[in-house]
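Here's the structure we're looking at; comments come further down.
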Amino acid sequence: MINSKKIYISLGVILAAFLAVFIFIQNDSKVFLGSVSNVFDFEKIQLDREKIQGQVASATSSQEQAQGQVANATSVQEQVKGQVANTTSVQEKAEEQVANATSVQEQAQGQVANATSVQARIEEKAQEVKQKTEEVLEKAQEQKELVASVEPKEKVAVVDDGIDKTIDAMSKQKEAINSVNDSDDQKRKEAFDIIEQVGKEVNDLLVNQQKNILLVKDEANKPSMDKVENINNEIMQIVSGQQSMIDAMFGFEKEREVMDRVLSLATELYQGDLRDETAMEKYINFYDSYNQAVADYYESPEMKESLTMAREQIYDMIRESSITKEEIEMIERIQDPRSEGPILKDIFNIQELVVQEKRYREDGVEDIGKLAISGFGPPSSLIFLFLYSTPIMVHTETDNSGEWRYVLEVELEDGSHEMYVASVDRTGNIIARSDAVPFVKEAAAVQLDFMPISMVGAQSIEFFDRKNVTAISLVFLFILIVTIILTGMSVSKKQYFQE
């Protein structure tokens, strides 16, 4: 009878060998062979090391003496270098101050040039409006001469009175146009107010004039009144076309106001007369005025350049005040961004939330494993992300263009959340921040502003992936080997007692 014990043990050894080969293939064979080689070469390496150490000990003494001499020479050399470095540092600081002053001067000159350009455009439109006003006055005078020839005078008196009111209003407008470029801000404002008022008044006058002409027209005065009516229609067309010119002129004036405000802000920033809080407040007011001007009129290249220059100043202030990575551990407390810090909507924002990786909870429900968040902030600076209602605070850095991206691996509870991005100073105060960005998380999905977030790039972490299948197979094979060996031993004992 064949010995069953030997059969089972042989089978177990074969499977164990198969397991060893499998592990060997799965791992780097070169590393394994290298490890074996290291074991056999250890004795030789140890002997060589003792010889080398003896040679090194004798050489070290000579080297230390030489190093002492070199150290003395190096000390003298370092002192000389230190003096040179101090001189260079002073020179560099002086050059930097000159460069900054030159930059400030160039920027101020650019602002003045922009303001001059706007003023030239206002003057150009003002001349066009003035020309149209003179045309209206000429035609109104022609109307008055025609009406003067109509009899009886009492019948057309209301039309004549309407013409006089039109002439009076347009004369006021002509005079006001001459003051739209006055250096006195108050006079310039009064001029624009008069132009706006006259525009509304003349439209009403011309509409009423048209009704009055039709009321007084009869067979006796029809030829003259037909001409008066035609001229009134021409005046209405001129005034209607003139309004677009006036709107453009008002737009230019609004642009000039914005640019004057930017110039004032820039000058104060350059001179360093503002605290950070005051500068932020002025920038916010400027940005709101800028957006209003764009919404009401348009965005000119000069306005856009002014905004860029003002924003660069704010960038510099934020970077100078912001904490560095090395200083984070020194902060004991950081302010709550939900209630602290000015909101700079155009500088700090959260642009996108993307579910990058999914996972499974213990109950088998799919959930978010990693959430990728991206947005904008001050270029080349450290920013903080704050997430509520689960209080989470992390930090990351923006690139040269101000873009940032952070992968959040913290588990979030289902429900409503809100997020902020902000810059923090060295005392833990919020320098500036974004507005609140609310979103809702439900299982493996999030909604930002009630819009579903992109799931592109999301991956499910499943238990039966390739790595897990390999591990399960190895465990199963190991259990099979142990079972076979134990079975062989059991059969061997049974045969022994039977014999």
The ratio Rg/Rh over the Cα atoms of region 280-379, Rh being the Kirkwood inverse mean 1/r radius, stands at 1.12
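According to the Cα gyration tensor, what semi-axes, each the square root of 5 times an eigenvalue, does the equivalent ellipsoid of region 354-409 have, listed from largest to smallest in whole Å? Could you put the intermediate results ahead of the total?
Working: eigenvalues 150, 31, 9 Å².
Each semi-axis is the square root of five times an eigenvalue, giving 27, 13, 7 Å.
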For the pair SER374 and ILE7, the simple spin-label estimate (label points 7 Å beyond Cα toward Cβ) gives in nm 6.5
Greater than 31 Å apart at Cα, pairs in LYS130/LYS254; LYS211/LYS254; LYS130/LYS227:
LYS211/LYS254
Cα radius of gyration and Dmax for region 123-216 (Å):
15.3, 50
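If we count every other residue with Cβ under 10 angstrom of LEU412's Cβ, Lys/Arg +1 and Asp/Glu -1, where does the sum land?
Details: positive: LYS441; negative: ASP367, GLU411, GLU413, ASP414.
Summing Lys/Arg as +1 and Asp/Glu as -1 gives -3.
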Figure the gain on full extension for THR390 and LYS144 (residue separation times 0.36 nm, minus the Cα-Cα span) and round it to one decimal in nm.
80.7 nm
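What's the extension gain from ASN400 to LYS155 if we count 0.36 nm per residue and subtract their Cα-Cα distance? The partial results should precede the final answer.
Details: separation 245, 0.36 × 245 = 88.20 nm, distance 7.78 nm.
Full extension from ASN400 to LYS155 adds 80.4 nm.
When you count, for each residue, the other Cβ atoms within 10 Å and take the mean per peptide, how do 138-148, 317-327, 423-433 rank with the highest first?
Working: 138-148: 17.3, 317-327: 15.2, 423-433: 20.9.
The peptides rank, most packed first, as 423-433, 138-148, 317-327.
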Taking H as built 1.01 Å from N, whose amide H comes closer than 5 Å to the amide H of LEU408, not counting residues under 5 places away?
LEU371, ALA372, ILE373
Using alpha carbon positions and the Kirkwood radius, the Rg to Rh ratio of region 112-296 is 1.18
Rounded to whole Hz and in sequence order, give me ³J(HN,Hα) for region 199-206 from the Karplus expression 6.51 cos²θ - 1.76 cosθ + 1.60, θ = phi - 60°, writing x for Gly and Pro.
x, 5, 5, 5, 4, 5, 4, 5
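Can you put SER339, SER149 in order, fewest other beta carbons within 10 Å first? Intermediate values should be presented prior to the final figure.
Details: SER339 7, SER149 10.
In order of increasing Cβ crowding within 10 Å: SER339, SER149.
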Neighbour-count ranking [beta-carbon atoms within 10 angstrom, fewest first] of SER300, SER306
SER300, SER306
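Show me the three semi-axes of the equivalent ellipsoid for region 335-452, from the C-alpha gyration tensor (sqrt of 5 times each eigenvalue), largest first, rounded to whole Å.
Numbers: eigenvalues 134, 42, 32 Å².
Ellipsoid half-lengths, sorted descending, are 26, 14, 13 Å.
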Modelling each spin label as a point 7 Å along the Cα-to-Cβ direction, I'd like the ASN291/GLU326 distance in nm, to one decimal.
3.9
Tell me, LYS217, LYS211 in order of fewest to most beta-carbon neighbours within 10 Å?
LYS211, LYS217
Segment SER416-GLN119, extension gain: residue separation times 0.36 nm, minus the distance between their alpha carbons
101.8 nm
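Rule-based calculations on the coordinates, nothing more; no lab input. Since this is a predicted model, take the numbers as computed values, not measurements. Counting neighbours? That spans all protein chains shown, and the Cβs are built from the backbone with ideal geometry, glycine included.
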